[in-house]
Amino acid sequence: MPENNDQDVRIGVFICHCGSNIAGYLEMEELEEFAKTLPNVTFVQRNLYTCSETGINEIKKGIKEQNLNRVVVASCTPRTHEPLFRSSCAEAGMNPYLFEMTNIRDQCSWVHMHQKEAGTEKAKDLIRMGVAKAALLEPKEPIMSEVCPRGLVIGGGIAGMGAALSLANRGYEVVLVERQEKLGGMLNKLNKLGPGMTSAEEFALEKIKAVTDHPKITVFTKARVKQVEGFIGKYKVDVETETGVKNIDIGVIVVATGATSFVPTGMYGYDGEKVITQLELEGLLKKGLDSSVKNVVMIQCVGARNEERPYCSRICCQTAVKNAMLIRDEVPDARVSILYRDMQMYGVENEEMFRDSKAKGVRYINYDPASPPEVGPEGVKVHHALLGRDMDLPADLVVLSTPLVSNEDAHETSQLLRVPVDDNGFFLEAHVKLRPLDFATDGVFLCGSARFPANVRETVAQGLGAASRASIPLSKGSVVVEPIISVLANEDACRGCGLCVALCPYGALEIQHTEKGRKVHVIDVACKGCGVCAATCYQHALTINSFTDQQLTAELDAYLGG
């Protein structure tokens, strides 16, 4: 292949139909003919699905047969498909960072469905800008960094213990940090685990013994992570314990801090005695329910699906149905009624448990949130939404199904690890579909109810999944980081003011004292190339690889000159 340089730039443009997602709303032939007229473009091709095996092979074929040294794909979002196209270019022998992508689906066809002509013209602009930038791209090499073969798991509940055991069984050292005196988390407060009705205590003790006996796992209880510095593979973590602060080198971090059951103070006459929560009911069932309790009323969605907490906690219905069945088993003549808005019993086994509860005599009454139940001294008054009449239910015990809420220290942990939380205080994954157990920050992973309310089965699965994800960099011994990062392009211009350091969301910048004075230093492995620093630097000392001022100016000139 010819050498990539400004005198011999050969750009191939591949325009994707995306089935009818793009081709149904834009003039594809017109886009193809337009792309052929652009400077440095030597090859143009349309594909039905560029991301398919056929489309990928066409890109490889074009690079080899047409001697292309730049590739532009006009299709959908780079967020999901750019890594695929880059790797395809690399397989064909082209530097993967000489690839550029323009999003003519999300930004053209989808937002201009009823404006075919305007949408097509906008797509032309984007393709012209992409080609102008591609001509100035320079080859880059991935950044390599070693990984310390030790993992940190924050949280000793079922998710954290599962993740720790999974990593340790793979042969890696694990440090498990738990704030409470005992491992097990919320599992210690539960009675039975539905739908199989296994003992929560036995399950917890089995896991705790496996963790504490494992030679690869170091457990710190009544401890907390005080400080975290560094980046994937080279974290330096301070763990505050009863005997002092431990300084530990860590390669990857798993967040399994769990969640907390909402306490409904001031709601439905909650007093912790006659009106209790499902979690408190678990404790009563564990000790043995008083046989004098003959009438039990459970109220769903207490403190959830409202303005303050708009989300559904997902597991409350399962818990209520399970406990209702256990009450009927323990006190056969007890009357149990569940007042619900919607029953969320996802999963085949949970649906079967729901049907079995009806067969056991558990009664279900639908209520309208506009007319919520009223709890009085003798019982509960509820308007039956389906029958259209009020009902008075005697109640020896009222049980409120409350949601799981984020821990009070979630924001503190978020700032410590530089990872985000959502509006409800739960930790936010990198991508709900593509990377559900990863954070956007490399080297930090997520599982269990710290992410969102989850039942025990889901929590166990997520713990194993997070461990699997975390074991990838540990097993390789090194990580490869994309070179699309911030660089100090003009050292003389840097004044060492530290503004960029203060604003970097990933802690990837630091001030160093050099022979030329205070200068910013980029920790390349930690940098995510977000561009905050380069946009902030009033001296234009910093720039982002593949997003240089020259390249961005070329894009703007191409648009304005069009």
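The values are calculated or read from the model by the stated rules, or taken from the named source; none is laboratory data. What you see is a predicted model; the values in this text were computed from it and never measured. Positions of Cβ are generated from backbone atoms using ideal geometry, with glycine treated the same way; all protein chains shown enter the neighbour counts.
Which of the strands (runs of 3 or more DSSP E) contained wholly in segment 326-422 include at least 1 residues that are under 12 Å from MET298 (Cβ atoms) and at pLDDT below 95?
Numbers: elements: 335-340, 363-366, 379-384, 389-394, 397-400.
Counting at least 1 such residues, we get no strands (runs of 3 or more DSSP E) at all.
Quick check on this structure: which one of GLY151, GLY162, GLY155, GLY194 is under 24 Å from the mean Cα position of the chain (by Cα), over 25 Å from LYS236 (Cβ atoms) and either in the same structural domain as ALA410 (by TED's automatic domain parsing) or in contact (Cβ under 8 Å) with a residue 60 or more places away in the chain (or both)?
Numbers: GLY151 fails: over 25 Å from LYS236 (Cβ atoms); GLY155 fails: over 25 Å from LYS236 (Cβ atoms); GLY194 fails: under 24 Å from the mean Cα position of the chain (by Cα).
Exactly one residue qualifies, and that residue is GLY162.
With the condition kept exactly as written, say whether any residue in segment 426-439 is closer than 14 Å to VAL153 by Cα and out of contact with any helix residue (DSSP H, G or I) (no Cβ under 7 Å at 6 or more places or on another chain).
Within segment 426-439, not a single residue is closer than 14 Å to VAL153 by Cα and out of contact with any helix residue (DSSP H, G or I) (no Cβ under 7 Å at 6 or more places or on another chain).
Return yes when LEU556 is at pLDDT below 95 and not in a strand (DSSP E or B) and no when it is not. Full working, then the answer.
On the way: at pLDDT below 95: no; not in a strand (DSSP E or B): yes.
No, not satisfied.
So which residues in segment 281-310 are of a type in the set (Asp, Glu) and closer than 24 Å to PRO369 by Cα, if there are any at all? Even if it seems obvious, please write down each step before you answer.
Going through segment 281-310, the residues of a type in the set (Asp, Glu) turn out to be 282, 290, 307-308.
Correct list: GLU307, GLU308.
Can you name the residue in segment 436-460 that is part of a helix (DSSP H, G or I) and in contact (Cβ under 8 Å) with a residue 40 or more places away in the chain and, of all such residues, is nearest to ALA200 (Cα to Cα)?
Within segment 436-460, the subset part of a helix (DSSP H, G or I) is 448-450, 456-460.
Now narrow it down to the ones that are in contact (Cβ under 8 Å) with a residue 40 or more places away in the chain: 448-450, 456, 459-460.
Values: GLY448: 17, SER449: 17, ALA450: 20, VAL456: 10, THR459: 14, VAL460: 13 Å.
Across segment 436-460, the extreme among qualifying residues is VAL456.
Can you name every residue in segment 193-225 that is more than 30 Å from ASN350 (Cα to Cα) and surrounded by 14 or more Cβ atoms within 10 Å (Cβ to Cβ)? It would help to see each step written out before you state the result.
Applying the first criterion (more than 30 Å from ASN350 (Cα to Cα)) to segment 193-225 yields 212-225.
Selection gives HIS214, LYS216, ILE217, THR218, VAL219, PHE220, THR221, ALA223, ARG224, VAL225.
Limited to segment 497-518, what total is found for residues that are touching a strand residue (DSSP E or B) at 6+ places or on another chain (Cβ under 6 Å) and surrounded by 18 or more Cβ atoms within 10 Å (Cβ to Cβ)? Give the derivation first.
Step one: list which residues in segment 497-518 are touching a strand residue (DSSP E or B) at 6+ places or on another chain (Cβ under 6 Å), which gives 498, 500-501, 509-512, 518.
Adding the requirement that they be surrounded by 18 or more Cβ atoms within 10 Å (Cβ to Cβ) leaves 500, 509.
Qualifying residue count for the region: 2.
For segment 169-184: of the residues being in contact with a helix residue (DSSP H, G or I) (Cβ under 8 Å, 6 or more places away or on another chain) and under 20 Å from VAL444 (Cβ atoms), which is surrounded by the fewest Cβ atoms within 10 Å (Cβ to Cβ)?
Within segment 169-184, the subset in contact with a helix residue (DSSP H, G or I) (Cβ under 8 Å, 6 or more places away or on another chain) is 170, 172, 174, 176, 178, 182-184.
Narrowing further to those that are under 20 Å from VAL444 (Cβ atoms): 170, 172, 174, 176, 178.
Details: ARG170: 16, TYR172: 22, VAL174: 28, LEU176: 29, GLU178: 25.
The qualifying residue surrounded by the fewest Cβ atoms within 10 Å (Cβ to Cβ) is ARG170.
Exactly one of (1) over 21 Å from LYS124 (Cα atoms); (2) surrounded by fewer than 18 Cβ atoms within 10 Å (Cβ to Cβ) is unmet by GLU32. Its number?
Result: GLU32 passes all but (1).
Among the residues of segment 530-549, is any in a helix (DSSP H, G or I), buried (at least 19 other Cβ atoms within 10 Å of the Cβ) and over 30 Å from the mean Cα position of the chain (by Cα)?
No, segment 530-549 contains no residue that is in a helix (DSSP H, G or I), buried (at least 19 other Cβ atoms within 10 Å of the Cβ) and over 30 Å from the mean Cα position of the chain (by Cα).
Could you please give the count of residues in segment 461-512 that are more than 23 Å from VAL147 (Cβ to Cβ), touching a Lys or Arg at 6+ places or on another chain (Cβ under 9 Å) and in a helix (DSSP H, G or I)?
The total comes to 2.
Tell me which residues, restricted to segment 8-37, are closer than 18 Å to ALA135 by Cβ, small (Gly, Ala, Ser) and either in a loop (DSSP other than H, G, I, E, B) or free of Cβ contacts under 8 Å to residues at least 40 places away in the same chain (or both).
Passing the criteria: none in range.
Considering only segment 96-119, state which residues are crowded, with 21+ Cβ neighbours inside 10 Å and of a type in the set (Ser, Thr, Tyr).
The answer is THR102, SER109.
Just to be sure, is ASP290 in a loop (DSSP other than H, G, I, E, B), of a type in the set (D, E, K, R) and either closer than 30 Å to VAL153 by Cα or outside the structural domain of GLY184 (by TED's automatic domain parsing) (or both)? Talk me through it step by step, then tell me what you get.
Numbers: in a loop (DSSP other than H, G, I, E, B): yes; of a type in the set (D, E, K, R): yes; either closer than 30 Å to VAL153 by Cα or outside the structural domain of GLY184 (by TED's automatic domain parsing) (or both): yes.
Yes.
All but one of (1) in contact with a strand residue (DSSP E or B) (Cβ under 9 Å, 6 or more places away or on another chain); (2) of a type in the set (A, V, I, L, M); (3) not in a helix (DSSP H, G or I) hold for VAL321, so report the exception by its number.
Looking at each condition in turn, VAL321 falls short on (3).
Looking only at residues in segment 307-364 that are small (Gly, Ala, Ser) and within 23 Å of GLY379 (Cα to Cα), which one is surrounded by the fewest Cβ atoms within 10 Å (Cβ to Cβ)?
Taking segment 307-364 first, the residues small (Gly, Ala, Ser) are 313, 320, 324, 334, 337, 347, 357, 359, 361.
If we keep only those that are within 23 Å of GLY379 (Cα to Cα) too, we end up with 320, 324, 334, 337, 357, 361.
Working: ALA320: 26, ALA324: 24, ALA334: 21, SER337: 22, SER357: 22, GLY361: 14.
Residue satisfying both the conditions and the ranking: GLY361.
Identify, please: which residue in segment 387-429 is among the hydroxyl-bearing types (Ser, Thr, Tyr) and within 28 Å of GLU282 (Cβ to Cβ) and is, among those, surrounded by the fewest Cβ atoms within 10 Å (Cβ to Cβ)? Write out each step before concluding.
The initial filter retains those residues of segment 387-429 that are among the hydroxyl-bearing types (Ser, Thr, Tyr), namely 401-402, 406, 413-414.
Then keep just the ones that are within 28 Å of GLU282 (Cβ to Cβ); that gives 401-402, 406, 413.
Values: SER401: 28, THR402: 26, SER406: 23, THR413: 21.
Across segment 387-429, the extreme among qualifying residues is THR413.
Here is a list: SER449, SER486. Which entry is in contact with a Leu (Cβ under 9 Å, 6 or more places away or on another chain) and under 28 Å from PRO139 (Cα atoms)? Even if it seems obvious, please write down each step before you answer.
Values: SER449 fails: under 28 Å from PRO139 (Cα atoms).
Step by step, each of SER449, SER486 is checked, and only SER486 is in contact with a Leu (Cβ under 9 Å, 6 or more places away or on another chain) and under 28 Å from PRO139 (Cα atoms).
Every residue, every condition in (1) assigned to a helix (DSSP H, G or I); (2) among the acidic types (Asp, Glu); (3) buried (at least 19 other Cβ atoms within 10 Å of the Cβ); (4) in contact (Cβ under 8 Å) with a residue 60 or more places away in the chain, yes or no:
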residue	(1), (2), (3), (4)
PRO39	no, no, no, yes
PHE43	no, no, no, no
THR50	no, no, yes, no
LYS61	yes, no, no, no
THR80	yes, no, no, yes
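Check whether at least one residue in segment 240-255 is farther than 21 Å from ILE472 by Cα, crowded, with 21+ Cβ neighbours inside 10 Å and modelled with pLDDT of 95 or more, and report yes or no.
The initial filter retains those residues of segment 240-255 that are farther than 21 Å from ILE472 by Cα, namely 240-247.
Applying the additional criterion that residues be crowded, with 21+ Cβ neighbours inside 10 Å yields none.
Within segment 240-255 (the criterion being farther than 21 Å from ILE472 by Cα, crowded, with 21+ Cβ neighbours inside 10 Å and modelled with pLDDT of 95 or more), the answer is no, since none of the residues qualifies.
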